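Undergrad: Before I ask anything, here is the structure I am working with.
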Amino acid sequence: MELWHDLAEQYREFAAQAADSPTFATWSAAVAEDPEVLGWLTTLPRLKQQPNLVFAAACVHGVIAPGPYGGLRDALLADGPEGPVRATILERATQTNEVGRLATLVPAFGLLAEHHDGAPLSLVEVGASAGLCLYPDRYAYRWRTDDGDVTLGVGPELPCRMTGRVSLPTRVPSVAARRGVDLNPLDVTSGDDAAWLEALVWPEHQDRRDRLRAALDVARADPPDLVAGDLLTELPRLVEAASADGPVVVFHSAVIAYLDDEQRDAYDVLVRGLVAEGACHWVSNESKNVLPSVTSGSPAPPPDHPTFVLGVDGQAVAWTHGHGRTLRWLV
């Protein structure tokens with residue numbers, strides 16, 4: 001029963017996070033109160049019980065979204081041990097690769113580039129998925145501030161509402177090299193992988209779907225260097241290789257939540273050690289409860305607000321929206 005309680009709470013939390021997707025918010029809240037569906041979910045490995053993964057797999061196999069909860073419920077309960085929804089859940093992972101987050105990451109990249117006198121950055125993305133966020137220099141940004149819009153760059157536009165006193169970069173940071181690691185990197189030239197990325201976009205978010213398609217075009221023109229492997233094993237080697245190209249920035253967004261507690265602690269120790277050695281900088285953008293060492297000593301986000309926390313070299317500097325829609329600078 002404790003497992004069911006934890007799972008129900010996970011779905012309640014996702015219902016709050018997905019408030020701007022009426023379909024997924026409704027489905028997730030309903031799952032949290034549905035013993036039969038919770039029972040079905042408990043037959044999956046723990047890391048495969050994630051709402052976005054389950055919902056995307058169901059939609060791939062015919063569940064209509066936007067649509068009523070009953071359609072999802074019927075599809076899951078009818079899906080047996082060898083069912084197609086279960087097979088997709090077991091085969092795939094939640095790899096949203098939301099490029100809208102670059103509008104919240106680029107101010108941090110800009111601060112680090114300024115620290116190195118504008119030198120091109122050597123980027124290393126942890127949990128890179130298809131590597132779509134490795135191209136901060138290929139987009140146009142529109143930060144909406146209380147004093148008016150600030151625009152920068154050329155390419156598909158990424159808008160973001162910004163508050164606080166951050167000094168926005170005067171130019172898009174240059175990128176010397178792009179590397180990434182993922183347990184299962186996706187191929188930007190693969191139609192199947194592109195279709196899976198689209199399935200992970202929340203049903204009502206046509207703007208994100210359009211942005212994803214534009215991002216795939218950007219990446220296909222210059223495919224990233226992605227390594228398949230465990231981040232704890234591969235990161236030191238990637239950082240060493242990246243150092244030949246410029247100041248190294250290790251970054252990730254909505255990734256560390258998919259590690260268990262032991263792995264999170266090990267990652268925190270690893271990356272802080274690399275920063276302390278001067279081997280790299282670290283930009284993290286994770287849900288507010290994922291990296292306690294980053295959030296300790298900083299203002300706490302409102303408890304009812306599903307905020308991400310942006311960290312630079314292990315210190316919280318901003319609250320961000322999970323899809324890059326808002327940025328509230330704290331320092």
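The values are calculated or read from the model by the stated rules, or taken from the named source; none is laboratory data. All values reported here derive from a predicted model rather than from experimental measurement. Cβ placement follows ideal geometry from the backbone for every residue including glycine, while neighbour counts extend to all protein chains displayed. We work out accessible area using only protein heavy atoms, side chains counted, and drop any ligands, DNA or RNA first. Shrake-Rupley method; radii C 1.70, N 1.55, O 1.52, S 1.80 Å.
Undergrad: Could you tell me whether residue 252 is open to solvent by less than 40 Å² (accessible area, probe 1.4 Å) and in a loop (DSSP other than H, G, I, E, B)?
TA: Numbers: open to solvent by less than 40 Å² (accessible area, probe 1.4 Å): yes; in a loop (DSSP other than H, G, I, E, B): no.
For residue 252, the condition - open to solvent by less than 40 Å² (accessible area, probe 1.4 Å) and in a loop (DSSP other than H, G, I, E, B) - is not met.
Undergrad: Looking only at residues that are assigned to a loop (DSSP other than H, G, I, E, B) and within 22 Å of residue 290 (Cα to Cα) in the range 28-54, which one is most open to solvent (accessible area, probe 1.4 Å)?
TA: Keep residues of the range 28-54 that are assigned to a loop (DSSP other than H, G, I, E, B), which gives 33-34, 42-45, 49-50.
When the remaining residues are screened for being within 22 Å of residue 290 (Cα to Cα), the result is 45, 49-50.
Numbers: 45: 67, 49: 6, 50: 25 Å².
Among them, the one singled out is 45.
Undergrad: Among the residues of the range 149-175, which ones are in contact with a helix residue (DSSP H, G or I) (Cβ under 9 Å, 6 or more places away or on another chain) and under 15 Å from residue 327 (Cβ atoms)?
TA: 152, 158, 159, 160, 162, 166, 167, 168, 169
Undergrad: Also: Report whether or not residue 153 is over 19 Å from the mean Cα position of the chain (by Cα), exposed (fewer than 15 other Cβ atoms within 10 Å of the Cβ) and at positive phi.
TA: Numbers: over 19 Å from the mean Cα position of the chain (by Cα): yes; exposed (fewer than 15 other Cβ atoms within 10 Å of the Cβ): no; at positive phi: yes.
So residue 153 does not fit the description; no.
Undergrad: Out of (1) surrounded by fewer than 24 Cβ atoms within 10 Å (Cβ to Cβ); (2) touching a residue at least 12 places away in the same chain (Cβ under 8 Å); (3) of a type in the set (A, V, I, L, M, F, W, C), what's the single condition that is false for residue 121?
TA: (1)
Undergrad: In addition: Looking for whichever is within 30 Å of residue 307 (Cβ to Cβ), touching a residue at least 24 places away in the same chain (Cβ under 8 Å) and either open to solvent by less than 40 Å² (accessible area, probe 1.4 Å) or not in a helix (DSSP H, G or I) (or both) here; the options are 57, 16, 25. Which one fits? Write out each step before concluding.
TA: Details: 16 fails: either open to solvent by less than 40 Å² (accessible area, probe 1.4 Å) or not in a helix (DSSP H, G or I) (or both); 25 fails: touching a residue at least 24 places away in the same chain (Cβ under 8 Å).
Checking each option against the conditions leaves just 57.
Undergrad: Being at pLDDT 95 or above and open to solvent by 30 Å² or more (accessible area, probe 1.4 Å) is the filter here; which residues of the range 137-148 pass it? Working first, answer last.
TA: Within the range 137-148, the subset at pLDDT 95 or above is 137-144.
Within the range 137-148, 137, 138, 142, 144 qualify.
Undergrad: Within the range 200-247, restricting attention to residues that are at pLDDT 95 or above and in a strand (DSSP E or B), which residue is most open to solvent (accessible area, probe 1.4 Å)?
TA: Checked the range 200-247; the qualifying residue most open to solvent (accessible area, probe 1.4 Å) is 228.
Undergrad: Restricting attention to the range 307-326, does a residue exist that is open to solvent by 50 Å² or more (accessible area, probe 1.4 Å), of a type in the set (Lys, Arg) and within 21 Å of residue 122 (Cα to Cα)?
TA: The answer is no; no qualifying residue exists.
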